[in-house]
1. When the residues of region 1-12 are filtered to those that are of a type in the set (Gly, Ala, Ser) and assigned to a loop (DSSP other than H, G, I, E, B), which remaining residue is modelled with the lowest pLDDT?
2. Only one of (1) free of Cβ contacts under 8 Å to residues at least 40 places away in the same chain; (2) in contact with a Gly (Cβ under 6 Å, 6 or more places away or on another chain); (3) not charged (D, E, K, R) fails for Ser112. Which number is that?
3. Hey, Lys51 hits all of (1) touching a residue at least 24 places away in the same chain (Cβ under 8 Å); (2) out of contact with any Gly (no Cβ under 9 Å at 6 or more places or on another chain) but one; which does it fall short on?
4. Going by what's in this entry, would Ile13 be described as surrounded by 15 or more Cβ atoms within 10 Å (Cβ to Cβ) and aliphatic (A, V, I, L, M)?
5. I'm trying to understand the selection: among the residues of region 19-37, which are modelled with pLDDT under 95 and either within 22 Å of Asp78 (Cβ to Cβ) or among the hydrophobic types (A, V, I, L, M, F, W, C) (or both)?
6. Filter region 26-62 down to residues that are within 18 Å of Thr101 (Cα to Cα) and touching a Ser or Thr at 6+ places or on another chain (Cβ under 7 Å) and give me whichever is surrounded by the most Cβ atoms within 10 Å (Cβ to Cβ).
Amino acid sequence: MGLALAELGSMAIPYKILDNSADLFSELEKIIRQENISLIVVGLPHSLSGKNNDRLEITKNFISDLKKHFSLEVVTVDEQMTSVLYEKQGVKKDLDKYSATAILETYLAKHSL
């Protein structure tokens, strides 16, 4: 899972990649405390056809788990094509981290933070 960070009024920056392991929520909790996170933005992987898909359902379940574990607001952004965008730019390493940056930038642009 790719992570990106942004402070109010600034651009998003790539942060790190976490493995989807049993330690995921404890690792997220540590990062939330260390980086003083006040909002979580999650990309929703809608299909091009607009129909639900397995990745979308997995992501919705993950969002539900985030809300159970943390008392932070969790918002969503359509992440359609973010990975493809970076692949076309030649990014091969840490693709998820850069995709997370694009997702956060989309949120920031829409909310003018």
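The values are calculated or read from the model by the stated rules, or taken from the named source; none is laboratory data. It should be emphasised that the depicted structure is a prediction, and the values quoted were computed from it without experimental measurement. Neighbour counts are summed over all protein chains in view; Cβ atoms, including those assigned to glycine, are modelled from backbone coordinates with ideal geometry.
1. Only one residue fits best here, namely Gly9.
2. (2)
3. Lys51 satisfies every listed condition except (1).
4. So Ile13 does not fit the description; no.
5. Residues satisfying the conditions are Asn20, Ala22.
6. If we take residues in region 26-62 being within 18 Å of Thr101 (Cα to Cα) and touching a Ser or Thr at 6+ places or on another chain (Cβ under 7 Å), then Gly43 is surrounded by the most Cβ atoms within 10 Å (Cβ to Cβ).
Rundown of residues vs (1) modelled with pLDDT of 85 or more; (2) within 16 Å of Ala4 (Cα to Cα); (3) touching a Pro at 6+ places or on another chain (Cβ under 8 Å); (4) polar (S, T, N, Q), yes/no style:
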| residue | (1), (2), (3), (4) |
| --- | --- |
| Val41 | yes, yes, no, no |
| Asn53 | no, no, yes, yes |
| Thr59 | yes, no, yes, yes |
| Lys67 | yes, no, no, no |
| Leu72 | yes, no, no, no |
| Thr76 | yes, yes, no, yes |
| Lys88 | no, no, no, no |
